[in-house]
Amino acid sequence: MRKDVRILLVGEPKVGKTSLIMSLVSEEFPDVVPYRAEEITIPADVTPERVPTHIVDYSEAEQTDEQLFQEISKANVICIVYSVNNKNSIEKVTSHWIPLILDNTDKDSRVPLILVGNKSDLVEHSSMETILPIMNEYTEIETCVECSAKNLKNISELFYYAQKAVLHPTGPLYCPEEKEMKPPCVRALTRIFKVSDLDNDGSLNDNELNFFQRTCFNAPLAHQALEDVKNVVRKNVRDGVCDNGLTLKGFLFLHTLFIQRGRHETTWTVLRRFGYDDDLDLHQDYLFPPLKIPPDCTTELNHNAYLFLQSVFDKHDKDRDCALSPDELKDLFDVFPYMPWGPDVNNTVSTNDQGWITYQGYLSQWTLTTYLDVQRCLEYLGYLGYSIVSEQESQAAGITVTRDKKIDLQKRQTQRSVFRCNVFGDSGSGKTGFLQAFLGRNLLRQNTVKEEHRSYYAISTAYVYGQEKYLLQYFMDSKTPCMMLAAKSDLQETRQLYGCTPLEFCRKHKMPPPQSFTCNEAAAPSKDIYIKLTTMAMHPHARLRCMCTCNRCTFCLCQNFLNSELVQSVKAKLYTAVFSRHMTQADLKTSTFWLKASVGATVFAILGLAMYRALLKHR
């Protein structure tokens, strides 16, 4: 909505421009009328549309042509006043005032005009027969009002219509010559219909219509009112109602009917509720709500946003195969002004055997967009109508901003669910293969990907300690923890042209040893390596002992001790003492047997724990 409305009154001298303004303000006809009234501002709380309104008078006797042109350029709506008992003032409407205004306004954003026939108290007949041909000739004319400043007839109505012409203009919505809505209006209402069609069956059922009504007008429709609306559509539009639901044809017909009957505010209320501005473009404030992201923080989708995206997926997965075919994906993005995902997406996330994006891949791509470009994610959620359907203030309500990574390191724990892994390596070392293997694709399948469709990213989920986390892999700046990958391990190992071997390098920099990896196998590559990477990201302060073979750390020393001959000998003796060959079946059932077994196990556990603590203290 506009912040204010500026109304300019022009016309021949003595037609009553100033009298109209003063009668509105004082609610009585003035005894003395000046040449020109001072600019008047009507506060928002006393106007029907709750918008401040400025009323500006023009006087030929006191103002120059240059001042008139400046006022015309600043006005939001212009009232051309004529006297109903003065034919010359009516003729000047078309011969002088309309051409003058059109010459001094931008052709692409014409200002709406209101024709005002004043002094209706002096005649018994109406001037509408003379005015109607003028209204039909100039599409800029919104309406004509006959009034009387002396009798206060239609004074408040005049300024209400002027305000309405600005806040709810006909021009962007409707073409009088064609007697139909303009294409931009049809496109906007079509998107609104598809967003409101929550089950994507092509019609708005009673629940969806009531949700739409509450969303736009803060009140549901009574059952009889719903039936009355559908009956009007049935009588006028074939296929306007299907299975007792309002179709797109019926929805567009209703709004055409509203506009033709002068109820532009109904259509504008709907358009603005769904984010549209006066030019029927989605407003920037709607698409890009403010979201503060401090340094070293990342952005993730929260639970509510994932639920919304899941509902969008289910809405368009018509064959229920947990994947989006090209047609289903096109239908999903039909509410966008452009196709947001290119062919590289199919090589960034998981797909099925047909190359269609799976449910998991779909959520992964949204996670990737949120992490890398949250502003774009906000825009995309806006097109899908997140704030409308989820009944949130804006798309920003669906975003979680994580805390500073330094705090995670200090507390040795994190709430993040998305972790980024940068992949470095020489050309041909297997970086792309490693990324694609994360998506479950072996080398044979990778070779079918076109070069122009390759992606620099790969994102999927990995389970760490029973929790599902997103691991994002990318080719570029990294900090510890690091892992060295021995890719193409199915091939013969070659000598690395470096001062030390990969294993020595890892030991020197206190890294896990090189991890063997290959995707040149018939089955889908193992995900073990990616789980290890995600665990390293979740716990950067700790080493992954399951990968360690350095023989120097506490874990390795304990493992070596537990595998030593001394411990194995003690273990064997305890085993022999508990499970003696001479022990009968009856003995196994006695409490003495289980006591011996418990004592042996306890002694062994205490001995192992004491040795581990001693070694840990030594380090």
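The values are calculated or read from the model by the stated rules, or taken from the named source; none is laboratory data. Predicted, not measured: the structure shown is a model, and the values here were computed from it. So basically every Cβ, Gly included, is an ideal-geometry build from the backbone, and we count neighbours across all protein chains shown. All accessible areas refer to the heavy atoms of the entire protein, side chains included, with ligands and DNA or RNA removed. Shrake-Rupley method; radii C 1.70, N 1.55, O 1.52, S 1.80 Å.
For P289, the criteria (1) in contact with a helix residue (DSSP H, G or I) (Cβ under 7 Å, 6 or more places away or on another chain); (2) loosely packed, with under 14 Cβ neighbours inside 10 Å hold in every case but one, which is (2). Of all the listed residues (L372, L444, L409), the sole one being more than 27 Å from N302 (Cβ to Cβ), among the hydrophobic types (A, V, I, L, M, F, W, C) and surrounded by fewer than 18 Cβ atoms within 10 Å (Cβ to Cβ) is L444.
For every residue, the table says whether it meets (1) at pLDDT 95 or above; (2) closer than 19 Å to W366 by Cβ; (3) not hydrophobic (A, V, I, L, M, F, W, C).
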site: I259; (1), (2), (3): no, no, no
site: E265; (1), (2), (3): no, no, yes
site: D277; (1), (2), (3): no, no, yes
site: L301; (1), (2), (3): yes, yes, no
site: S311; (1), (2), (3): yes, yes, yes
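Taken over region 415-441, residues that are open to solvent by 50 Å² or more (accessible area, probe 1.4 Å) and over 20 Å from C482 (Cα atoms) amount to 2.
Counting only residues that are over 38 Å from the mean Cα position of the chain (by Cα) and of a type in the set (S, T, Y), which one in region 70-87 is farthest from T143 (Cα to Cα)?
Taking region 70-87 as the starting set, the residues that turn out to be over 38 Å from the mean Cα position of the chain (by Cα) are 70-72, 78-87.
Checking the rest, the ones that are also of a type in the set (S, T, Y) come to 82-83.
Details: Y82: 14, S83: 16 Å.
The qualifying residue farthest from T143 (Cα to Cα) is S83.
With respect to the conditions (1) over 40 Å from the mean Cα position of the chain (by Cα); (2) surrounded by 15 or more Cβ atoms within 10 Å (Cβ to Cβ); (3) more than 25 Å from H125 (Cα to Cα); (4) not β-branched (V, I, T), D65 lacks only one, and its number is (2).
Which members of region 161-194 meet the condition of being basic (K, R) and open to solvent by less than 50 Å² (accessible area, probe 1.4 Å)?
Matches in region 161-194: K164, R191.
Scanning region 234-248 for residues that are surrounded by 12 or more Cβ atoms within 10 Å (Cβ to Cβ) and assigned to a loop (DSSP other than H, G, I, E, B) returns V237, D239, G240. Of everything listed in (1) at pLDDT 85 or above; (2) of a type in the set (S, T, Y); (3) not in a strand (DSSP E or B), the single unmet condition for S429 is (1).
Scanning region 2-42 for residues that are under 24 Å from Q70 (Cα atoms), exposed (fewer than 12 other Cβ atoms within 10 Å of the Cβ) and modelled with pLDDT under 90 yields a single hit, K3.
In this entry, C550 is excluded by the filter for residues that are in a helix (DSSP H, G or I), over 23 Å from Q415 (Cβ atoms) and at pLDDT below 80. Of all the listed residues (R416, R420, R403), the sole one being under 25 Å from E468 (Cα atoms) and part of a strand (DSSP E or B) is R420.
Of the residues that make up region 368-390, is at least one assigned to a loop (DSSP other than H, G, I, E, B), of a type in the set (A, V, I, L, M, F, W, C) and more than 22 Å from E451 (Cα to Cα)?
We begin by selecting, within region 368-390, every residue assigned to a loop (DSSP other than H, G, I, E, B); these are 373, 385, 390.
With the extra rule that they be of a type in the set (A, V, I, L, M, F, W, C), the set shrinks to none.
No.
Within region 48-59, identify whether any single residue is over 30 Å from R272 (Cβ atoms), out of contact with any Cys (no Cβ under 8 Å at 6 or more places or on another chain), modelled with pLDDT of 90 or more and in a strand (DSSP E or B), and answer yes or no. Don't jump to the end; show me each part of the working.
The first filter runs over region 48-59 and keeps only residues over 30 Å from R272 (Cβ atoms), leaving 57-59.
Within this subset, residues satisfying the condition of being out of contact with any Cys (no Cβ under 8 Å at 6 or more places or on another chain) are 57-59.
If we keep only those that are modelled with pLDDT of 90 or more too, we end up with 57-59.
Then drop every residue that is not in a strand (DSSP E or B), which leaves 57.
Checked region 48-59: at least one residue is over 30 Å from R272 (Cβ atoms), out of contact with any Cys (no Cβ under 8 Å at 6 or more places or on another chain), modelled with pLDDT of 90 or more and in a strand (DSSP E or B).
When the test is whether a residue is touching a helix residue (DSSP H, G or I) at 6+ places or on another chain (Cβ under 8 Å), β-branched (V, I, T), surrounded by 13 or more Cβ atoms within 10 Å (Cβ to Cβ) and at pLDDT 90 or above, V111 does not pass it.
Suppose the filter is touching a helix residue (DSSP H, G or I) at 6+ places or on another chain (Cβ under 8 Å), at pLDDT 95 or above and of a type in the set (D, E, K, R); does R376 pass it? Full working, then the answer.
Numbers: touching a helix residue (DSSP H, G or I) at 6+ places or on another chain (Cβ under 8 Å): yes; at pLDDT 95 or above: yes; of a type in the set (D, E, K, R): yes.
Against the criterion (touching a helix residue (DSSP H, G or I) at 6+ places or on another chain (Cβ under 8 Å), at pLDDT 95 or above and of a type in the set (D, E, K, R)), R376 qualifies.
Out of (1) within 21 Å of N136 (Cα to Cα); (2) open to solvent by 40 Å² or more (accessible area, probe 1.4 Å); (3) of a type outside the set (K, R), the odd one out for I90 is which? Among (1) within 21 Å of N136 (Cα to Cα); (2) open to solvent by 40 Å² or more (accessible area, probe 1.4 Å); (3) of a type outside the set (K, R), the lone unmet condition for I90 is (2).
Remark: R495 matches the filter, which requires a residue to be of a type in the set (D, E, K, R) and at pLDDT 75 or above.
Scanning region 299-345 for residues that are assigned to a helix (DSSP H, G or I), within 15 Å of the chain's Cα centre (by Cα) and more than 25 Å from S417 (Cα to Cα) returns L332, F333, D334, V335. Within region 346-367, the set of residues being assigned to a loop (DSSP other than H, G, I, E, B), farther than 17 Å from Q310 by Cα and open to solvent by 30 Å² or more (accessible area, probe 1.4 Å) comprises N352, D353, Q354. Taking the condition closer than 19 Å to S364 by Cβ, surrounded by fewer than 18 Cβ atoms within 10 Å (Cβ to Cβ) and of a type in the set (G, A, S), does G466 pass? The answer is no for G466.
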